[in-house]
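Step one of this worksheet: look at the structure below.
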Amino acid sequence: MHALHKIIAAHATDSTAPVRPGAIVEATPDVFAIGVERNGDEIEAIEADLTELGVDELPLKDRIVAFFDHAAPAPFPAAAIGQKKWIQFFRKQGIPVADPGSGVSHLILPEQGWVGPGVLVALNDSHTPTMGAVGAYAACLAGGTLSLLAIGRYWVDVPDVVLYRLSGALQPGVLGRDVSMSVNGTVGQRGALGVAVEFGGSYVESLSMDMRFTLCNMGTEIGATASYIQPDQTTLDWVMPRARSEFRVYETDPDFTYADVRDFDISGLEPQVAKPHAPDNTVPVSEVEGIVIDQAFIGSCASGRLEDLTEAARILRGRKVHPDVRLIVTPGSREVLIEATRRGHIEVLHEANAIVTNANCGSCAALHEGVLAPGDVAISCNTRNFAGRMGPGASIYLGSPATVAASAIEGRIADPRRLAQA
Amino acid sequence: MSTIEGRAWIFPQDDINTDQIHLSVYSHLPIAEQAKHCLETLDPTFASSVAPGDVVIAGRNFGCGSARPAHLDLLELGVAAVVAESVDRKFFGNALSGGLPALSCPGIVQAMRPGDRVRVDLEDGRITELRDGRSVMSIPLPDFARAMLRFGGEKEYLRSVLTATRS
């Protein structure tokens, strides 16, 4: 059995239920995370359904985490009215609601020790696979919200598992995000459709936790149900001081057969850029250098961590953002923001005329803090560059935080290696 | 509810994502307003012309991207089923919860033409053109999904679970 299958089995209602690819298993998660949304009609419908079903007390109340990361705090009256209804629902149920500066769910759940090795987490957000970086089973909840609220159980579709082995060493100025974009471009948007992807190999073993999250985040853009990295000492050093409960590391049996194994050599990789309008539309930065930009964005659950802000500050130190460009920096979580402040990165960003916001999803989903106008061109290290993603009619190029920072300075897509500083 | 008949709307593109089905910039609005923009970048006439009972036919990986409740727009417009070359699992699960069948059916885009009248048989999975009988078999739904569709979605399914538990 694969470790992911063991995690599902350990949470199954029926402990004898076969957990094999293709099966659907009823399970209870350790953590059920729900976001404060903007549409009040949606939570009113859920409340009406619960009343109709005769559910007063939520069976998972103590393991529900209410976060607040999209359009946080409210950017306009209609969103405020909708969000208020969601907050009132949680308060009525006695569930604490994270404040709208706390950060993105996929960052704060592991940071705050809710999600770690062996945890089954339920969360209806496509980038939930990000948390597989700590050895959790983190698949996007797809339907099942009402079931979890009403009966505390939901259905888990058991995926096949493929193994991506990454080896080699990166050249200076090339970052983990470049690796994830390169893999995305190689396998495509349907490269891992409906399967879980385990990332392994010498490169992954050498990676920091920040870049492991970045790699696992990309699983979503290749269609993966979940991403996974087998916990090692790096994982344990990061999760143990944060743990709210005892975590359990599951190991994959030596005789487990992966549905597919692919090898990637990342040596010699150039900085990557994904052209509009798909994250797998990747080319080396040299092919798009010089394209004039209106906006640059650093943040999101893909690349809004301390290492990302550190790389951006390294490029921006002592320089200014091009006068025709808006550079928006949205830290992924308050923990990231506090540590980046302590290290002086935030001051560097302010001195460079970057716009630094509170921690949240930022402009990644065209909800606030940097919505693009039709015809605008952006370079961004957010999650995806679908048409309309950051505003209808705009074009998004994806790059690493270093590429975004370099481009913000030059006003055009730029190779960060030219602007490297110590 | 085991058989659906309606006009076919063909979106042959692969990787139609939920940013195209359910635009985030309108996500605070009542669903009736949001649905007016459903798939507008691919076919500006779709939302105003689609009729209750119609079937959306699409390419591979339909509904990929964000896990937002994009099925609500299609339900609001009266779409009775989605039949795609393949369906993203997030969209599939959300749609199932709302009682909207989303079938994976390799070959469907080639087999059907815009304006065809199609029948979707949810029990045996066959998609048939009503006038000349052309047909394609979809990949069978898991028993669990078929059961939930018979209930019409997650709420009625839960009512049955809770009734059984309480009695």
Query raised in the report: Can you name the condition, by its number, that residue B:83 falls short on among (1) among the hydrophobic types (A, V, I, L, M, F, W, C); (2) facing another protein chain (nearest Cβ under 7 Å); (3) touching a residue at least 12 places away in the same chain (Cβ under 8 Å)?
Result: (2)
Report summary line: Here the qualifying pairs (Cβ atoms under 7 Å; residues six or more apart or on different chains; first in region B:1-28 and within 11 Å of chain A (Cβ to nearest Cβ); second assigned to a strand (DSSP E or B)) come out as B:15/B:64; B:16/B:58; B:16/B:62; B:17/B:64
Query raised in the report: Based on what the data block shows, is residue B:134 buried (at least 16 other Cβ atoms within 10 Å of the Cβ), in contact with a helix residue (DSSP H, G or I) (Cβ under 9 Å, 6 or more places away or on another chain) and either within 11 Å of another protein chain (Cβ to nearest Cβ) or touching a residue at least 12 places away in the same chain (Cβ under 8 Å) (or both)?
Result: no
Query raised in the report: Looking at region B:45-65, is at least one residue touching a Cys at 6+ places or on another chain (Cβ under 7 Å) and more than 11 Å from chain A (Cβ to nearest Cβ)?
Result: yes
Report summary line: Within region A:107-128, the count of residues that are of a type in the set (A, V, I, L, M), under 25 Å from residue B:153 (Cα atoms) and either buried (at least 24 other Cβ atoms within 10 Å of the Cβ) or within 14 Å of chain B (Cβ to nearest Cβ) (or both) comes to 3
Query raised in the report: Can you name every residue in region A:129-174 that is surrounded by fewer than 24 Cβ atoms within 10 Å (Cβ to Cβ), more than 14 Å from every other protein chain (Cβ to nearest Cβ) and either hydroxyl-bearing (Ser, Thr, Tyr) or free of Cβ contacts under 8 Å to residues at least 40 places away in the same chain (or both)?
Result: A:167
Query raised in the report: Taking only pairs six or more apart or across chains, which ones have beta-carbon atoms under 7 Å, a first residue in region A:358-371 that is farther than 20 Å from residue A:341 by Cβ and free of Cβ contacts under 8 Å to residues at least 40 places away in the same chain, and a second residue that is of a type outside the set (Val, Ile, Thr) and part of a helix (DSSP H, G or I)?
Result: A:366/B:24; A:371/A:363
Report task. Could you tell me whether any residue of region A:36-57 is away from chain B (no Cβ under 14 Å) and either in contact with a strand residue (DSSP E or B) (Cβ under 6 Å, 6 or more places away or on another chain) or within 21 Å of residue B:93 (Cβ to Cβ) (or both)? Result -> no
Query raised in the report: Only one of (1) out of contact with any Asp or Glu (no Cβ under 7 Å at 6 or more places or on another chain); (2) buried (at least 20 other Cβ atoms within 10 Å of the Cβ); (3) within 14 Å of chain A (Cβ to nearest Cβ) is not met by residue B:127, so which one is it?
Result: (3)
Query raised in the report: Quick check, is residue B:35 surrounded by fewer than 24 Cβ atoms within 10 Å (Cβ to Cβ), over 25 Å from residue A:226 (Cβ atoms), more than 14 Å from chain A (Cβ to nearest Cβ) and in contact (Cβ under 8 Å) with a residue 24 or more places away in the chain?
Result: no
Query raised in the report: So which strands (runs of 3 or more DSSP E) stay within region A:187-277 end to end and still have 2 or more residues that are more than 22 Å from the chain's Cα centre (by Cα) and hydroxyl-bearing (Ser, Thr, Tyr)?
Result: none
Report summary line: With criteria (1) more than 14 Å from chain B (Cβ to nearest Cβ); (2) of a type outside the set (A, V, I, L, M); (3) buried (at least 23 other Cβ atoms within 10 Å of the Cβ), residue A:201 comes up short on (3)
Query - Residue check, residue A:85 at pLDDT 95 or above and under 19 Å from residue B:29 (Cα atoms) - result: yes
Query raised in the report: Given the conditions (1) part of a helix (DSSP H, G or I); (2) closer than 26 Å to residue B:24 by Cβ, which single one is not true for residue A:126?
Result: (1)
Report summary line: Restricting attention to region A:355-371, the residues that are touching a Lys or Arg at 6+ places or on another chain (Cβ under 9 Å) and either in a loop (DSSP other than H, G, I, E, B) or within 21 Å of residue B:20 (Cα to Cα) (or both) number exactly 6
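The values are calculated or read from the model by the stated rules, or taken from the named source; none is laboratory data. Please read all numbers here as calculations on a predicted model, not as lab measurements. Don't worry about glycine lacking a Cβ; one is built from the backbone with ideal geometry, like all the others, and counts go over all protein chains shown.
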